[in-house]
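Contents: one structure, followed by commentary.
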Amino acid sequence: MDARSGKPEDVPGGRLNIPGGNARILVDHDHVEWEVYDESQWDFRMALEWDVLPQTENPGLIFSSRVDRRRVWPAPTNWQQLSDEQLLSLCAGARSMF
């Protein structure tokens, strides 16, 4: 999602710039859009929008959508280089935060 327009199609390469880091947008086989980001890159501006605070000692990779929020521990160090299919596979096996 582009911070100005709010539309994912405005994001070049499916990557978002979030405070302190980068995120990616993926669409799974059920047409659910997932925002993916490393929890260690959160800052207080993002944390204020969530009901749970980020893990500081053992951050994970967060998959957030309109239907669920999931976390994978630990966040793979190379997650930004993983293909969309690899990330969607991680998402499918991730633990729900709800």
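Tell me which of these C91 doesn't satisfy, since it passes every other one: (1) at pLDDT below 95; (2) under 11 Å from the mean Cα position of the chain (by Cα); (3) in a helix (DSSP H, G or I); (4) of a type outside the set (S, T, Y).
For C91, the failing item is (1).
Filter the stretch 55-88 for residues that are assigned to a loop (DSSP other than H, G, I, E, B) and among the polar types (S, T, N, Q) and give the result.
Taking the stretch 55-88 as the starting set, the residues that turn out to be assigned to a loop (DSSP other than H, G, I, E, B) are 55-60, 65-68, 73-78, 82-83.
Scanning the stretch 55-88 gives Q55, T56, N58, S65, T77, N78, S83.
Limited to the stretch 44-77, what total is found for residues that are touching a Ser or Thr at 6+ places or on another chain (Cβ under 9 Å), at pLDDT 70 or above, crowded, with 18+ Cβ neighbours inside 10 Å and of a type outside the set (K, R)?
Here the count works out to 2.
The values are calculated or read from the model by the stated rules, or taken from the named source; none is laboratory data. Note that this is a predicted model, so its numbers are computed, not measured. Don't worry about glycine lacking a Cβ; one is built from the backbone with ideal geometry, like all the others, and counts go over all protein chains shown.
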